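The values are calculated or read from the model by the stated rules, or taken from the named source; none is laboratory data. Note that the coordinates shown come from a computational prediction; the quantities given were computed from them, not determined experimentally. Cβ placement follows ideal geometry from the backbone for every residue including glycine, while neighbour counts extend to all protein chains displayed.
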Amino acid sequence: MADKFFSMRNLKFLLYEVFDTASLTRYPYYGEYDRKMLDMVLQAAEELARGLLWPYYQEMDRNPPELVDDVVKVHPSVKKALKELGQGGWIAMTVPEELDGQQLPEIIADSCKFIFCTANYSGAAFSGLCDGAARLIENFGNRELYDAFVPNMRSGRWQGTMALTEPEAGSSLSDITTTATPTENGYYHIQGQKIFISAGDHDGVENVVHLMLAKIKGAPSGVKGISLFAVPKKRISEKGELVSNDVLISGIFHKLGYRGCPTAQLSIGDNNDCRGYLVGEPHNGLRYMFQMMNEARIGVGIGAAAMATAAYYASLDYAAVRKQGRKIEEKNPAKGCAQNNILHFKLDLSNMRTRQLA
Ligand SMILES: Cc1cc2nc3c(=O)[nH]c(=O)nc-3n(C[C@H](O)[C@H](O)[C@H](O)COP(=O)(O)OP(=O)(O)OC[C@H]3O[C@@H](n4cnc5c(N)ncnc54)[C@H](O)[C@@H]3O)c2cc1C
């Protein structure tokens, strides 16, 4: 197995020579950082990736999550990784310091995410979802919602998700049928089905908070009637305990390249006992959710580049160790294997150059 899954040299070349990232530290907002500190952050990200994520990527791919007695069981490393990433501030990289974040430039945070993804793409997805879901509450929710959910999501104790897609509504989100019925107590009763929800449930965390799109009863039709709710798997009872919030897992799916991360189907409010908490203003949900969708789009791009990078280094490693063929000047087949594929390649290149010079 290749020991190298990305190149820090290439990454730094892009960051500092192509994009002049260090110049961002001249802005007061990033004034706490300088080039040396940014390097230290990248170095720490590599160490975490190597210790926490890389050792498990094959096991996680070969043993995808299972739904056992209504509980989604994931690889034990997920719990450890979320805890350490949360405690180390890696789920709050771009969050302002006043909200206990690291206040790092987005490009450095994305580079760290890239490093995590090269080590283990599905292992890195859990914390990425917590980050995006927490930021929806930070930017659009009230203080009460923030206090109830965000610190636990940013510390990796609770999973965050984006819950948009339904069995009958994927691209066509205006057709969602999940409903939210207002109550006198301020919360809403949520009922519906969601499908393909990444990290939609698992035993690596105490709780899962779904940032969910639903339509308030009587809302305008189409996208203008969609609102955003925080819908926890377990809600906090009057006694301060975590109790079931009537969100059931009706199935899980496995996605190629992403098999370590459960993709869940949710049945919400089957017993008419699911409470959802409105985030921001009614009927503005899709607008808010675009923040997380756009971050997810960038995340998908980072993930694709990361997987291609890891695959490149695995191929390079294989080509370097696999011996086959003879030296180019060796015409005797009885001489057997003499060199690896990289040497062939280098020889071919030097032959080409020699021919060109001649
Ligand atoms: C890896 C992965 C993770 C995911 N994680 C989540 C998650 O965490 N939360 C969540 O809510 N969802 C998640 N999803 C679901 C995702 O949001 C949907 O797959 C996506 O919205 C597309 O919906 P669909 O799969 O139903 O495809 P469809 O909407 O049925 O589209 C099928 C095809 O038809 C095309 N098409 C659709 N509408 C039109 C049109 N009007 N005109 C022309 N062509 C059209 C599409 O481009 C596509 O090629 C995830 C999906 C993947 C693959």
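Going through the range 273-287 one residue at a time, which ones are of a type outside the set (Gly, Ala, Ser) and either touching a Ser or Thr at 6+ places or on another chain (Cβ under 9 Å) or within 14 Å of the ligand (Cβ to nearest atom) (or both)?
Let us first name the residues in the range 273-287 that are of a type outside the set (Gly, Ala, Ser), namely 273-275, 277-279, 281-284, 286-287.
Passing the criteria: ASP273, ARG275, LEU278, VAL279, GLU281, PRO282, HIS283, ASN284, LEU286.
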- prompt: Among the residues of the range 82-96, is any crowded, with 20+ Cβ neighbours inside 10 Å, farther than 30 Å from SER267 by Cβ and without any contact (Cβ under 8 Å) to a residue 40 or more places away in the chain?
  reply: yes
message: Within the range 236-245, does at least one residue satisfy the condition of being part of a strand (DSSP E or B), within 16 Å of the ligand (Cβ to nearest atom) and under 27 Å from SER155 (Cα atoms)?
response: no
query: If PRO65 satisfies every condition in (1) buried (at least 20 other Cβ atoms within 10 Å of the Cβ); (2) out of contact with any strand residue (DSSP E or B) (no Cβ under 8 Å at 6 or more places or on another chain) but one, which is the exception?
result: (2)
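This table checks each residue for (1) within 12 Å of the ligand (Cβ to nearest atom); (2) among the β-branched types (Val, Ile, Thr); (3) part of a strand (DSSP E or B).
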{"residue": "GLY186", "(1), (2), (3)": "no, no, no"}
{"residue": "ILE190", "(1), (2), (3)": "no, yes, yes"}
{"residue": "PRO220", "(1), (2), (3)": "no, no, no"}
{"residue": "PHE229", "(1), (2), (3)": "no, no, yes"}
- prompt: Does LEU357 satisfy being at pLDDT below 75, over 30 Å from GLY257 (Cα atoms), surrounded by fewer than 13 Cβ atoms within 10 Å (Cβ to Cβ) and of a type in the set (A, V, I, L, M)?
  reply: yes
- request: Would you confirm whether any residue within the range 115-127 is under 13 Å from ILE302 (Cβ atoms) and in contact with a strand residue (DSSP E or B) (Cβ under 7 Å, 6 or more places away or on another chain)?
  value: yes
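State which residue is nearest to the ligand (Cβ to nearest atom) when the search covers only the range 192-212 and only residues that are assigned to a loop (DSSP other than H, G, I, E, B) and charged (D, E, K, R). Before you say what the answer is, go through the steps one by one.
Step one: filter the range 192-212 for residues assigned to a loop (DSSP other than H, G, I, E, B), giving 199-206.
Retained after the next criterion (residues that are charged (D, E, K, R)): 201, 203, 206.
Values: ASP201: 12, ASP203: 18, GLU206: 20 Å.
Selected residue: ASP201.
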query: Just wondering, is there one or more residues in the range 139-159 that are within 16 Å of the ligand (Cβ to nearest atom), of a type in the set (D, E, K, R) and crowded, with 24+ Cβ neighbours inside 10 Å?
result: no
Near pairs, Cβ below 8 angstrom, 6+ apart or cross-chain, from the range 286-302 (small (Gly, Ala, Ser)) to any residue that is part of a helix (DSSP H, G or I): ALA296/GLY132; GLY299/LYS113; GLY299/GLY128; GLY299/GLY132
field: the range 160-176, subset of a type outside the set (Gly, Ala, Ser), closer than 19 Å to ASN284 by Cβ and not in a strand (DSSP E or B), residue nearest to the ligand (Cβ to nearest atom)
entry: LEU164
